[in-house]
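Comments concern the structure below.
The values are calculated or read from the model by the stated rules, or taken from the named source; none is laboratory data. These numbers come from a predicted model, not from an experiment. Cβ atoms come from the backbone with ideal geometry, glycine included; neighbour counts cover every protein chain shown. The protein model used for the area step is the full one, side chains on, heavy atoms only, and it has no ligands, DNA or RNA in it. Shrake-Rupley method; radii C 1.70, N 1.55, O 1.52, S 1.80 Å.
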Amino acid sequence: MAVLTCPLCDGPVERPVPDGPRTFCCHGCRDLWHLLGEERVAEVKSRPGIVWDAVRSAVAADSPEAADAASAAGRVRALTLHVEGMWCASCSILVESVLSRRPGVLRARVDFATATATVAVDDDNLGVEDLAQAVAAIGYGAGAKPPEAGEEAAADRDLLRRFALASVLAMFVMMFSVPVWSGYLPLLLPWQRYLLGAGLGGAAGAVVFWAGWPFLQGAWAAVRSGVPTMDLLVALGALSAYGYSVTALLAGGRYLYFDTASMLVAFLLLGRAMEAGTLHRAAAAVRMLATLLPAQAVVVREGGEVPLDPSHLVPGDRVVVRPGSRLPADGEVEAGEAEVDESFLTGEPLPARRRPGEGVYAGSLVVDGHLVVRVRRPPGESVLAQTARYVQAAQGGGGRLRRAADRVLRLFVPLVLAVAVASFALDRLVGHASLAAAMLHAVAVLVVACPCALSVATPLAVLAGADRLSRLGVLLRDDAALERAARVDDVVWDKTGTLTTGVLALAGEAAVDDRALALAAAVEEGSAHPVARALREEARARGLTVPAADGAILRAGLGVSGRAGGVAVRVAALDRADVPREMADAAALGTEDAVLVGVWLDDRPAAVYAFADRVRPEAAAAVARLASGGRRVWLVTGDGEGPARAVAEAVGIAPERVRWRHGPEDKAELVSALRREGRRVAFVGDGINDAPALAAADLGLAMGSGTDIAAEAGHLVLAGGRLDAVPEVLATSREVAQTIRRNLAWASLYNAAAIPAAALGLASPTLAAAAMVASSAFVLGNSLRILGLAPWRYARGALAVASWLALLVAAARLGL
């Protein structure tokens with residue numbers, strides 16, 4: 001029999017992780033393949049002595065231990081760098097190019113939306129500090145940790161200060177430029193002309209050289225690195241207008257363009273401020289996840305409790321968590337009991353009670369109580385850390401449309417520079433235009449171009465979608481999950497634990513002695529059997545007093561017997577045919593798939609209880625919403641025909657789409673068969689037996705209440721455990737996909753129309769700058785609609801400022 005092997009490590013694929021035409025053995029191999037690229041993978045695989053387990057660990061968690069493992073594994077590891085000061089997507093291209101040129105770097109990938117760089121290196125002497133120095137050399141800040149909230153706020157305030165100064169001074173420059181545009185400048189006395197020009201030049205100089213300093217700094221970095229960026233276009237436009245104006249003033253020219261230079265910078269700073277605010281809003285979910293880990297963990301050692309950096313925790317460590325503290329790693333409660341706030345994970349506002357033996361997750365807040373938790377996995381592999389990585393990968397790696405946009409961006413700035421030069425040359429040589437007119441047309445081309453709208457079209461929409469899903473308790477485990485979910489045609493549901501609660505509950509009863517339930521719960525007190533738990537839960541729910549039992553004994557095939565409340569009690573399973581005649585009420589004892597339990601008091605029949613797995617209350621509404629969206633809904637289970645059809649009828653699934661007696665391989669084959677028909681399939685499941693189907697589906701949604709294996713195989717995890725999140729996931733994903741297409745279409749059409757219009761002289765530089773800001777505002781506002789924010793409310797303030805500045809331009813030009 002052929003064995004499926006991983007295309008990266010060549011190991012056997014036991015838990016398939018599909019990714020387009022390839023199927024990997026784990027998420028680590030898939031992530032490493034995407035990070036390195038196919039050519040680099042082939043080169044790395046040719047090296048002798050590669051230990052792939054260590055390499056995957058290095059990619060999954062950037063830590064000193066991971067670095068050591070990577071070194072032993074052939075020195076291939078991944079480093080994450082947080083970059084500060086990037087203004088637009090072309091900045092990210094510049095940083096990426098500089099990092100890629102460093103010796104020892106296999107590949108670098110920089111994402112503008114989250115300001116992070118992921119760098120694959122094969123030199124164990126190359127660290128984050130070395131990469132940060134290379135980035136700092138071109139004028140950007142960089143480090144291993146993201147900037148603090150205060151630093152980010154300070155950067156925003158600095159940007160707003162620059163915009164405020166630029167807008168006020170630009171207003172004065174426009175007002176005092178009336179003599180220039182009304183034709184009176186040559187009529188002024190020389191000292192008046194030079195005084196006016198010096199005043200305009202000084203005010204415009206403050207705008208260009210102080211308020212616009214980040215543009216100039218970025219342009220100089222682009223020149224030094226040989227990578228043209230949007231900052232270079234802006235700097236060329238502003239400096240051309242300013243330099244020409246200074247020359248014209250000294251030479252006694254008729255027109256000055258200080259107003260053009262200052263208005264360009266003011267409008268572009270407005271656009272950058274809008275982008276910064278939007279990206280901060282959309283990336284709030286990722287930043288929130290990064291702040292949930294505590295700065296210090298308290299570990300139990302032989303000598304007592306010892307403080308420890310959470311990054312040094314290893315599986316098996318025992319961690320003490322007190323009220324008001326957050327858990328540093330995923331683990332299992334070993335001792336204690338507490339209310340734990342897991343709202344970041346599940347979306348549930350109320351804390352959950354956690355007891356010994358139950359799982360808890362890194363980032364959760366202990367509200368009250370005291371817990372001793374045994375660590376199950378290191379912090380770098382926690383659900384919290386994985387979620388942050390997958391969200392960043394989703395908006396950074398982003399599918400076919402994002403990859404196409406990135407290819408266009410690398411050619412965009414050089415193309416705009418070429419068009420500007422061609423426009424200037426044609427105006428002078430063919431159109432015989434004046435130097436000033438040709439310069440203004442070229443400047444308009446430089447500033448009307450809008451690569452920023454093209455660059456944020458995909459990541460901003462994805463970040464907004466991830467933020468919206470995180471509020472529903474849905475966690476990303478695959479960077480292409482949103483793109484996959486947008487195209488789903490069929491949804492296949494597992495039954496037990498998915499459409500149903502997976503926990504037995506009372507479905508019916510026939511009792512002749514009211515004491516039966518309390519006494520049965522008494523003798524079942526120490527049992528872990530599901531029926532015993534159901535009896536105890538029902539007695540507790542009814543508020544019954546459960547007496548202490550004496551001498552409870554479990555006999556195989558005979559049930560449990562003992563004494564409680566002064567009588568002999570026996571509890572045992574029953575076949576329906578063995579139910580005592582006086583209690584054989586079919587209606588009272590529930591459906592045929594119910595588990596029947598008899599209770600005897602002093603050897604006399606006292607009660608029969610029917611327990612069944614209940615359908616989740618929101619299941620029918622979730623299925624109905626999926627069907628109303630035109631999707632086919634299926635149910636597949638390992639149970640028999642009766643229970644399968646009963647649940648399908650209860651939730652509204654058509655009988656012809658119900659499959660029973662299906663094991664793990666059968667479920668996966670059903671999914672594969674639907675895909676062979678050309679259908680795009682989503683599978684929702686919770687157990688180990690669902691893992692093959694979850695991995696085989698186009699989109700796997702694992703219930704957060706299920707097993708770790710199921711969650712590992714799923715592309716999305718429903719941490720909140722609510723089924724109504726499934727149609728919401730598909731609806732949100734479709735909205736994200738539509739938003740991305742609209743954003744890219746707008747950005748492409750805008751640039752296709754605006755650049756030729758500016759080259760033909762149909763737009764002044766000031767109008768071109770305003771148009772560029774409006775183009776970015778459309779993309780930003782359209783993406784924020786995913787978060788429920790109205791674009792008009794978002795853009796109203798910015799448009800008011802832009803309109804005010806535009807009116808000043810018009811008034812100055814008309815001599816009003």
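Structural remarks
- In the condition set (1) in a helix (DSSP H, G or I); (2) surrounded by fewer than 20 Cβ atoms within 10 Å (Cβ to Cβ), L626 is compliant with all but (2).
- First in region 322-336 and charged (D, E, K, R), second anywhere and open to solvent by 10 Å² or more (accessible area, probe 1.4 Å) and not in a loop (DSSP other than H, G, I, E, B), Cβ under 7 Å, 6 or more apart: R322/H370; R326/L365; D330/V383; E332/G359; E332/R374; E334/R318; E334/V372; E334/R374
- Breaking point among (1) more than 49 Å from the chain's Cα centre (by Cα); (2) assigned to a strand (DSSP E or B); (3) within 29 Å of R581 (Cα to Cα), for G551: (3)
- When region 614-647 is filtered for residues that are of a type in the set (S, T, Y) and at pLDDT 90 or above, only S628 remains.
- Within region 139-154, tally of residues that are assigned to a helix (DSSP H, G or I), under 23 Å from E96 (Cβ atoms) and at pLDDT 75 or above: 0
- Test: residue in region 254-267 that is at negative phi, open to solvent by 40 Å² or more (accessible area, probe 1.4 Å), of a type outside the set (S, T, Y) and modelled with pLDDT under 75: yes
- Scanning region 239-249 for residues that are without any contact (Cβ under 8 Å) to a residue 60 or more places away in the chain and aliphatic (A, V, I, L, M) gives L239, V246, L249.
- When A449, A485 are checked against the criterion of being modelled with pLDDT under 75 and open to solvent by less than 10 Å² (accessible area, probe 1.4 Å), a single residue qualifies: A449.
- Some residue of region 129-138 being open to solvent by less than 40 Å² (accessible area, probe 1.4 Å), of a type in the set (S, T, N, Q) and modelled with pLDDT of 80 or more: no
- Residue ranges of strands (runs of 3 or more DSSP E) in region 318-414 with at least 3 members modelled with pLDDT of 85 or more: 318-321, 331-341, 365-375
- Residue check, A528 surrounded by 16 or more Cβ atoms within 10 Å (Cβ to Cβ), at pLDDT below 85 and either farther than 23 Å from G497 by Cα or within 49 Å of the chain's Cα centre (by Cα) (or both): no
- Per-region count, region 411-426, residues open to solvent by less than 30 Å² (accessible area, probe 1.4 Å) and farther than 18 Å from A238 by Cβ: 1
- Scanning region 563-611 for residues that are of a type outside the set (S, T, Y), modelled with pLDDT of 80 or more and assigned to a strand (DSSP E or B) yields a count of 23.
- Note on region 300-317: residues that are surrounded by 18 or more Cβ atoms within 10 Å (Cβ to Cβ) and either in a strand (DSSP E or B) or aliphatic (A, V, I, L, M) (or both) amount to 1.
- The residues of region 539-560 that are under 18 Å from W600 (Cα atoms) and surrounded by 14 or more Cβ atoms within 10 Å (Cβ to Cβ), listed by number, are A539, V546, P547, A549, A552, L554, G559, V560.
- Condition met for R536 (basic (K, R), without any contact (Cβ under 8 Å) to a residue 60 or more places away in the chain and open to solvent by less than 80 Å² (accessible area, probe 1.4 Å)): yes
- Filtering region 210-225 for residues that are of a type in the set (A, V, I, L, M, F, W, C), more than 46 Å from the chain's Cα centre (by Cα), at pLDDT below 85 and assigned to a helix (DSSP H, G or I) leaves an empty set.
- Residue in region 708-722 that is modelled with the lowest pLDDT, counting only those that are in contact with an Asp or Glu (Cβ under 7 Å, 6 or more places away or on another chain) and closer than 19 Å to E332 by Cα: A710
- Residues of region 648-703 that turn out to be surrounded by 15 or more Cβ atoms within 10 Å (Cβ to Cβ), more than 25 Å from the chain's Cα centre (by Cα) and hydrophobic (A, V, I, L, M, F, W, C), as a count: 10
- One residue alone among L195, L200, L189 is open to solvent by less than 60 Å² (accessible area, probe 1.4 Å), over 28 Å from A222 (Cβ atoms) and either of a type in the set (A, V, I, L, M) or modelled with pLDDT of 80 or more (or both), and that residue is L200.
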